[in-house]
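Some notes on the structure that comes next.
The values are calculated or read from the model by the stated rules, or taken from the named source; none is laboratory data. Predicted model, so just to flag it, every value in this text is computed and none were measured. FYI the Cβ positions are ideal-geometry reconstructions off the backbone, even for glycines, and counts take in every protein chain you see. Note: accessible area is taken over every heavy atom of the protein model, side chains too, but ligands, DNA and RNA are not part of it. Shrake-Rupley method; radii C 1.70, N 1.55, O 1.52, S 1.80 Å.
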Amino acid sequence: MNTLQEKIERAKELDFGTIFSESIELFKKTWLQGFLLQLFTFIVMLPLIIMFYIPFIGLIIAQEESGYNDSDAFNAFFASMSLLYILFIVVGIFVLGAISVALNAGFYRIMKRLDYNEQVTTSDFFYFVKGKYLSKAFMLMLISILIAIPAALLCYIPLIYAIVPLSYFSLFFAFNPELSVGDMVKASFKLGNKKWLISFGLIIVSSLLAQIIGFILCFVGVLFTAAFVYHPTYLIYKNVIGFDEPTAIDEIGATPE
């Protein structure tokens with residue numbers, strides 16, 4: 001952790017245009033995996049979506065078949081929802097949210113491999129979908145919610161600041177999974193504070209560009225362009241923290257996980 005802090009303190013100035021152009025070049029290598037990330041995230045969330053909307057769909061269909069639209073029926077429906085059902089939905093949101101964080105971390109690992117021209121497989125997405133990592137993914141997701149909701153309630157201005165450090169949570173998780181959750185959060189805020197302006201600018205510009213190009217490509221293109229927003233923060237992390245590549249001596253006798 002001290003090494004990370006020192007690297008952040010000694011971070012050199014980064015050029016907006018250079019990071020953005022490098023993001024585009026890297027995206028050319030990762031666009032397919034970015035699409036798969038969106039697909040896997042949707043598949044993970046699909047059961048929860050179905051469980052949440054099926055009762056509403058059933059109510060609407062019943063009203064359409066009877067030919068009578070009763071606005072009070074929805075109020076009665078919400079009033080009749082059991083505490084157990086609500087609890088199930090809430091737990092489902094947290095569990096699937098943790099899996100989503102793990103998938104994002106897996107995508108960052110894939111991005112790094114492609115950046116260094118290494119081979120990747122689809123299973124790399126699920127590297128962190130394991131018991132020893134999911135607990136940390138769950139805590140990071142919970143902390144993100146606990147930061148984002150109060151920040152949004154305070155007229156959104158604190159949320160504008162928090163967007164940057166929150167965007168580094170998955171990065172530190174992906175490349176420093178041995179750290180405690182507290183250390184990941186501290187390092188994310190330290191890097192976010194150090195490189196807030198360039199990070200925020202790149203996040204906004206890359207997000208707008210991804211949305212615009214996705215809409216131009218008949219909306220479906222958003223599935224292919226949405227992951228572009230992850231590239232600038234990855235490159236900032238790469239330039240500030242870097243990666244400790246194992247030497248040949250380190251790899252002797254190493255066993256795969």
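Remarks
- Over 23 Å apart at the Cα level, from the set LYS132/LYS238; LYS28/LYS238; LYS130/LYS190; LYS28/LYS186, are LYS132/LYS238; LYS130/LYS190; LYS28/LYS186.
- Relative packing of peptides 181-188, 147-154 - highest average C-beta neighbours within 10 Å first: 181-188, 147-154
- Taking the accessible area of the stretch 139-202, probe 1.4 Å, and keeping the other protein chains in place, the carbon and sulfur fraction comes to 78%.
- Extension gain, LEU217 back to THR18 (0.36 nm per residue minus Cα-Cα distance, nm): 69.0 nm
- The residues of the stretch 83-196 have, on average, 47 Å² of accessible surface per residue, using a 1.4 Å probe with all protein chains present.
- The order of the peptides 160-170, 122-132 by mean Cβ neighbours within 10 Å, most packed first, is 160-170, 122-132.
- Listed peptides 232-242, 27-37, 44-54, 102-112 by packing density, highest first (mean Cβ within 10 Å): 102-112, 232-242, 27-37, 44-54
- PHE128 long-range amide H proximity, modeled H, under 5 Å: GLY106
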